[in-house]
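Okay, structure first, notes after.
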C-alpha cells in the first residue's frame, strides 16, 4: 500500500472541497440566470385609493394629515388608530394623495390641517375642532364626536378608486 504524505492528502481534500463548492455555486447561479419577467403580475384584491382634497387654506403653515381608517364606530382623528397615514405640506388650495397597495374592503378617510404639528386635533372647550377638517363623503360629526362610520365609509373594490373630493371644513380664521 502506498502511503501519501499528510500535506498532499490535505491538499487533495482542499482541492476536492473547492471543486465541489464551485460546482454547487455554479448550479445555483445557473438556476438564477433565468430571464427576468418584465411584466408585473397584478396582485388580486389590492388597489390604490386616490383622495382629492380641496378648499385648503393657510398655505405653508402646519401640515396636512391624511388618514385612512378601517371599520370603526366613529371617524375621529384623535384617539383612533388609523390603517395608513400620509403627511403633506399645504402649498395650494388643492392636493391629491394616493394610498397604494390597499386591500379591497370598506374604508374612510379623515383629513386634518394640523397647524401646530402636534399630530392631534385641537378642540375648544366644547370639543369643536380648532383645526380644519374633512371626512370622506364630506360628512360632519355630531355633538358627541366625529361622524359615524356608516356616513363616512366607502367601498374600495377596484385597481384605482378615486373617492369623492373631500372639501375641508374651515374651523377657524
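Each reported figure results from applying straightforward, stated rules to the coordinates on display, with no laboratory input. Bear in mind the structure is a predicted one, so any value in this text is a computation, not a measurement. No Cβ is skipped: glycine too gets one built from the backbone with ideal geometry, and neighbour counts run over all protein chains shown.
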Problem set entry | Some residue of the stretch 145-158 being without any contact (Cβ under 8 Å) to a residue 12 or more places away in the chain and loosely packed, with under 15 Cβ neighbours inside 10 Å | yes
The strands (runs of 3 or more DSSP E) lying wholly within the stretch 75-163 that contain at least 3 residues that are farther than 26 Å from residue 44 by Cβ are 105-114, 133-135
Scanning the stretch 108-119 for residues that are more than 13 Å from the chain's Cα centre (by Cα) and within 21 Å of residue 139 (Cβ to Cβ), the one surrounded by the most Cβ atoms within 10 Å (Cβ to Cβ) turns out to be 108
Picking from 132, 122, 118, the residue that is touching a strand residue (DSSP E or B) at 6+ places or on another chain (Cβ under 8 Å) and free of Cβ contacts under 8 Å to residues at least 12 places away in the same chain would be 122
